[in-house]
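Bear in mind these aren't lab numbers, they're just calculated from the coordinates by the rules spelled out. Owing to the predicted nature of the structure, the values given are computational and were not obtained by experimental measurement. Positions of Cβ are generated from backbone atoms using ideal geometry, with glycine treated the same way; all protein chains shown enter the neighbour counts.
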Amino acid sequence: MRRSTRGWHMSEVRAAAAAALPGQRVPEMLGPRFLPGGAFVRRLGRRGTLIAGGGMLAAILLASVFAAQITPYDPIAQNLRNTLQPPGLAHPFGTDNFGRDVFSRVLHAARTDIQIGFFCVLFPWLLGSLLGAVAGYLGGLVDTVVMRTVDTFMAFPFLIMAIGVIAVLGPGVTSMYVALTLSGWSMYARIVRAEVLVARRSDYVLAARAMGYSDARIVLRHILPNVVTPTIIFAVTSMVLVILATVTLSFLGLGLPPPTPTWGTMIAEGRNFIFTAWWMVTLPGLAIVVTGLALSLLGDGVADLLRGESSR
């Protein structure tokens, strides 16, 4: 019975058994073939957003990687004879005030913005997870120092701290990495610390201590792999906010310097032509919306999938 009812509620099993005629055997494998509302449908529902978000993001990444093959125009080459051309066959997204192809610039900007967004999530995730695990496992003075530092960083608004750090270091990719890492690591540290406080009293941790394993081995090889799941979900979903932060910083002139195309700089350059050349602002903004939707669906799908796996 355990093998045949895996992934099914007992109410569904009883309903199938009650529906069987006297003397008729209940189907041995209860699945979507017999009960359409079963585990297969539930799993497909959980993975639908994951597949949709992953597919959209993969398409965006492929378009950005093969941007030079998709469009023949150089994203930074100026053509002053072809300025402010509306969308058409030659230029699907039109041209800007310097005659540059907007479609080519949008695709090349996707590569830059998504790369910056990925690393600005990865670095805070690594730093925050490590410090949170150390604070939660060791406790005492180490925990107090780390958590008071977390409280200090969380007291500053995310974007305000990033602007302040970049104002000190100067615009550029490295400054954005440093600024967004310092602005975002504290939340990961708080999440991991809460999980470690529970995990350190688990039987497998007590067994590892009894076997004489070092604290570093227990934290890195035994505790962290079991507590990072919530941070992975948070990292995927927060990548949308990080990309919006990079766009905002570029819009304010604190990102990559021109003529390197980024969505933020494209919107900043097109705001003076919003009524005469709407495509300069609208189409990069639409790219941001589509990317954010893809990441949101991907984050929801990852969360549903991990929750489904943990509930088994």
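State the extension gain, in nm to one decimal, for the chain segment bounded by Thr248 and Phe66, taking 0.36 nm per residue of separation less the distance between their alpha-carbons.
Gain on stretching Thr248 to Phe66: 62.9 nm.
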- Query: Using 0.36 nm per residue, how much length does the chain from Asp74 to Asn226 gain when fully extended, once their Cα-Cα distance is taken away?
  - Reply: 50.0 nm
- Query: FRET efficiency for Leu293 and Asp151, Cβ-Cβ distance as r, R0 = 51 Å, nearest 0.05?
  - Reply: 0.90
- Task: Neighbouring Cβ atoms within 10 Å as the yardstick, rank Trp263, Trp278, Trp185 fewest first.
- Result: Trp278, Trp185, Trp263
- Rounded to the nearest 0.05, what FRET efficiency is calculated for Ala194 and Val173 with R0 set to 35 Å and r the Cβ-Cβ distance? 0.60
- At what distance in nm do the modelled label points of Asn272 and Ala59 sit from each other, each positioned 7 Å from its Cα along Cα→Cβ? 3.6
